[in-house]
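Enquirer: What follows is a single structure, and I will ask about it in a moment.
Since every read-out is calculated from the coordinates, none of them should be taken as a lab result. Please read these numbers as outputs of a predicted model, since none were measured by experiment. So basically every Cβ, Gly included, is an ideal-geometry build from the backbone, and we count neighbours across all protein chains shown.
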Amino acid sequence: MDTLNIANVDELTDNIIEMMSYMNSNEMKDLKKRDINEYERMIENNFKEFTTTYYSIYKMILSGENIDMLYNMLSLLDKVNKKELKIENVIDKLRQDLANEYVYPIVNK
């Protein structure tokens, strides 16, 4: 499990930042308040390839969901692609991060 079939992580991250910047422009914020359907259509038209290829990520961003874990995963995948980390170590780290975030708070109540 040495190689990953994932798009260029830097490019994906750049696309996310570009789309979020567009979504947070004053013009788009106003449009979102006036017409949410038009707001979504504008985003989809301006980022067709991204919204098609990474639909789940697009919907996550659109919903306003916290994407810190996504950025963490992309950062780790970038390190794997650059041979700075092994995928097995990344999987273990993500598993622990997810457990800390979602499992332990429930179990330790």
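Enquirer: Distances longer than 14 Å among the Cα atoms of region 35-88: what percent of all pairs is that?
Expert: 64
Enquirer: State, as an integer percentage, the relative contact order of region 9-107 based on alpha-carbon contacts under 8 Å between residues 6 or more apart.
Expert: 24
Enquirer: In nm, to one decimal, how far is the residue 46 label point from the residue 8 one, both placed 7 Å along Cα→Cβ?
Expert: Here the modelled spin labels are 2.2 nm apart.
Enquirer: Here's something else I'd like to know. Run the dipole for the chain about the Cα centre, Lys and Arg Cβ at +1, Asp and Glu Cβ at -1, nothing else charged, and hand back the magnitude in debye, nearest 20.
Expert: Dipole size: approximately 300 debye.
Enquirer: Would you work out which of 67, 55, 105 lies farthest towards the positive end of the dipole of region 9-107, given +1 charges on the beta-carbon of Lys and Arg and -1 on that of Asp and Glu, about the Cα centre?
Expert: Working it through, the farthest residue towards the positive pole turns out to be 105.
Enquirer: Report the Stokes-Einstein translational diffusion coefficient (µm² s⁻¹, integer) for the chain, Rh taken as the Kirkwood radius over Cα pairs, at 20 °C with viscosity 1.002 mPa s.
Expert: It comes out at roughly 135 µm²/s.
Enquirer: Which value in nm describes the separation of the simple spin-label points at residue 67 and residue 106, placed 7 Å from the Cα toward the beta carbon?
Expert: 2.6
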